[in-house]
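The values are calculated or read from the model by the stated rules, or taken from the named source; none is laboratory data. Owing to the predicted nature of the structure, the values given are computational and were not obtained by experimental measurement. Here Cβ is always computed from backbone atoms with ideal geometry, including for glycine, and neighbour counts include all displayed protein chains.
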Amino acid sequence: MAPSLSPGDRLLVRYGAAPRPGDVVVARFPDGTVVVKRATDRRTTRAGAPGWWLLSDDPDAGVDSRHRGPVAAQDVLGVVRARLWPRPRRV
């Protein structure tokens with residue numbers, strides 16, 4: 001799958017929104033890194049808490065849940081609603 005976003009894109013994010021499978025989200029990995037990934041499905045973290053499986057649109061680039069495991073639901077900060085720049089469109 002080709003990446004939906006590129007470095008430098010400006011995004012409209014709805015913080016606190018509940019993600020659905022297929023949404024592009026802003027999340028925080030346990031090490032504090034803030035990332036933009038696609039939420040694919042609900043999972044349970046190693047601690048037993050609800051979480052999300054997050055994947056990169058380009059599987060050959062970046063780090064995602066294949067490397068770090070599920071991300072806790074509380075660490076999914078918001079849902080990307082649109083790309084505002086350089087060419088506005090829904091994500």
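Return a yes/no flag: does the stretch 67-85 have any residue that is modelled with pLDDT under 95, assigned to a loop (DSSP other than H, G, I, E, B) and at negative phi.
no
Taking the stated definitions as given, is Val79 surrounded by 16 or more Cβ atoms within 10 Å (Cβ to Cβ) and either out of contact with any His (no Cβ under 9 Å at 6 or more places or on another chain) or of a type in the set (S, T, N, Q) (or both)? Working first, answer last.
Working: surrounded by 16 or more Cβ atoms within 10 Å (Cβ to Cβ): yes; either out of contact with any His (no Cβ under 9 Å at 6 or more places or on another chain) or of a type in the set (S, T, N, Q) (or both): yes.
Yes, satisfied.
Within the stretch 1-31, can you find the residues that are surrounded by 14 or more Cβ atoms within 10 Å (Cβ to Cβ), in a loop (DSSP other than H, G, I, E, B), under 13 Å from the mean Cα position of the chain (by Cα) and at pLDDT 95 or above?
Across the stretch 1-31, the qualifying residues are Ala17, Pro19, Asp23, Phe29.
Output the number of the condition that Ser56 fails; it satisfies all remaining conditions of (1) crowded, with 19+ Cβ neighbours inside 10 Å; (2) in contact with a Ser or Thr (Cβ under 8 Å, 6 or more places away or on another chain); (3) closer than 16 Å to Ser4 by Cβ.
Among (1) crowded, with 19+ Cβ neighbours inside 10 Å; (2) in contact with a Ser or Thr (Cβ under 8 Å, 6 or more places away or on another chain); (3) closer than 16 Å to Ser4 by Cβ, the lone unmet condition for Ser56 is (2).
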